[in-house]
Amino acid sequence: MIEVLIVGVLVVACGLYWLGRLAPSVTRGLWRGTGRVLDVVHAPVPVRQAVAGRAGSTSAGGCGGCKGCGKDGGGCH
């Protein structure tokens, strides 16, 4: 039974990760909600700041969150 729970949590985590990579505007709302919950429970400030950074992030020039956009004269991918 515990194996099913572990696999389920991993599948959900992977799904949220890829949803965040492919459609960051969808997960931005989830990050905002998480930030509100952390404010209510008085979570440590570094955790709240990290979540606020994720909730307020924007995509850079249509690259879909590519980390290497425009570096070394190259574009995305």
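Numbers below:
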quantity	calculated
Close pairs (8 angstrom Cβ cut-off, 6 or more residues apart or separate chains): closer than 15 Å to residue 31 by Cα in the range 1-18, modelled with pLDDT under 90 and in a helix (DSSP H, G or I) anywhere	16/27; 16/30
Test: residue 74 is open to solvent by less than 50 Å² (accessible area, probe 1.4 Å), out of contact with any His (no Cβ under 9 Å at 6 or more places or on another chain) and modelled with pLDDT under 80	yes
Test: residue 5 is surrounded by 10 or more Cβ atoms within 10 Å (Cβ to Cβ), out of contact with any strand residue (DSSP E or B) (no Cβ under 8 Å at 6 or more places or on another chain) and either modelled with pLDDT of 75 or more or of a type in the set (Gly, Ala, Ser) (or both)	no
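The values are calculated or read from the model by the stated rules, or taken from the named source; none is laboratory data. Model, not experiment: these values are computed from the prediction. Backbone-built Cβ (ideal geometry, glycine too); neighbour counts: all protein chains shown. Protein only, heavy atoms only, side chains kept; ligands, DNA and RNA dropped before computing areas. Shrake-Rupley method; radii C 1.70, N 1.55, O 1.52, S 1.80 Å.
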